[in-house]
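Each remark here refers to the structure printed beneath this line.
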Amino acid sequence: MNYVIPFNKPHFTGPELDYISQALTTGHLSGDGQFTQRCSNLLEEQLAVRKALLTTSCTHALEMAALLLDIKEGDEVILPSFTFVSTANAFMLRGAIPVFVDVRPDTFNIDEKLIEAEITDRTKAIVPVHYGGVGCQMETICSIASKHDIAIVEDNAHGLFAKYNGKYLGTFGAMATQSFHETKNFQCGEGGALLINDDKYVERAEIIREKGTDRKKFFRGQVDKYSWVDIGSSYLPSEVLSAILFAQLESRDKIQSQRKALWERYLFSLNEWASKEGIKLPQIPQGCEHSHHVFYLLMNSLEDREALTAMLKMHGILAVHHYVPLHSSKMGRQLSKKSYDLPVTNYVSDRLLRLPLYNSLTFEQQDKVIDAVRSFSSKNNSGKDRFNSTFAYQ
């Protein structure tokens, strides 16, 4: 079906074609050319991270993190079940065991109060996921990780340039990963980045990213020839992708401003309807400057969510669900060493519906979405917010 208003539409800021043309004329189309370097420099300077290495996806950045932490068979990695499969897959490929933790009722981020109880002598990493670009409670998570000498890898696929207590997401852990998939605020079709905040990982990260060779040292004149020195793979994006991405990163303030206007317009326009219907809208805790990546409705039931999805479809509007909890999936059950009771995760997964949100969405189009949503009446409406009364967060 061709939707009048799709859920997502890749956006272009203007210079992309010109930068692609520049990349084509340089004669250097493989990774780590001028545009790759420009993107890396911009991220390092803006975020004040030790190193930013572009990758072909956020998935590959996570895989690099697992390699850098020397994840081995039987190691345990703590993560939320409410996340994309790559968050787990990257570590499971190295033989790790996923240890799933429930999420907070306010942000759907990992519940920091539940982490420490899951730590064992086999725990090698904690992987907080900043859902929707809203920061996890990183002060508490960092304190727990420091106490037990466990590395933190932030999955920041949604949250580039967002902040927690004035500090950029992706700068708290030893490493962090970014996504530049076409559904993200900044995109090049497929792409990612590994952000490194701990100096001890930088040199080996360059080697792993270059197929296990010390090629970067060769280019810097530090060795007279490069050779195979470690395990690794090919994680470098092409210059064409980096050229597109650089145009997007250059326009970061404009992009974020557009998304903020759309996000806040949804919140203002749907607040009264949601309150009347007992439906939960996004909550942003104090101290979080989010990325305006996701706008969702948390419906009163799975039945209501499916009914609203179908109604919007009739209006030519595509609204979509989000993650199937990893702990309840076939692979999650197979890899885990225990069964999980994660009530918030299960509740949210059955009821969450994301509305269209992309940079070229016009206010006129958004009004059509808003009007269609406000015309919906919940069959399960009890006149109060069921979710917050059930999962009040103390």
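The values are calculated or read from the model by the stated rules, or taken from the named source; none is laboratory data. Note that this is a predicted model, so its numbers are computed, not measured. Note that we place each Cβ from the backbone using ideal geometry, even for glycine, and neighbour counts take in every protein chain shown.
List of remarks:
- Single match in HIS293, HIS321 (criterion: in contact (Cβ under 8 Å) with a residue 60 or more places away in the chain and of a type outside the set (A, V, I, L, M, F, W, C)): HIS293
- Taking the range 47-96 as the range and being in contact with a Phe, Trp or Tyr (Cβ under 9 Å, 6 or more places away or on another chain), of a type in the set (A, V, I, L, M, F, W, C) and assigned to a strand (DSSP E or B) as the test, the residues that pass are LEU53, LEU54, VAL77, ILE78, LEU79.
- Residues located in the range 131-181, provided they are surrounded by fewer than 24 Cβ atoms within 10 Å (Cβ to Cβ), of a type in the set (S, T, N, Q) and either in contact with a His (Cβ under 9 Å, 6 or more places away or on another chain) or within 20 Å of PRO282 (Cβ to Cβ) (or both): GLN137, ASN165
- Of all residues making up the range 19-46, the number that are over 27 Å from ALA162 (Cβ atoms), in contact (Cβ under 8 Å) with a residue 24 or more places away in the chain and in a helix (DSSP H, G or I): 6
- Of all the listed residues (GLY132, GLY159, GLY170), the sole one being part of a helix (DSSP H, G or I), outside the structural domain of TYR358 (by TED's automatic domain parsing) and within 14 Å of the chain's Cα centre (by Cα) is GLY132.
- Some residue of the range 144-151 being closer than 28 Å to HIS11 by Cβ and either free of Cβ contacts under 8 Å to residues at least 12 places away in the same chain or outside any loop (DSSP other than H, G, I, E, B) (or both): no
- Among the residues of the range 108-124, those identified as in contact (Cβ under 8 Å) with a residue 40 or more places away in the chain and either under 20 Å from the mean Cα position of the chain (by Cα) or outside the structural domain of GLN137 (by TED's automatic domain parsing) (or both) are PHE108, ASP111.
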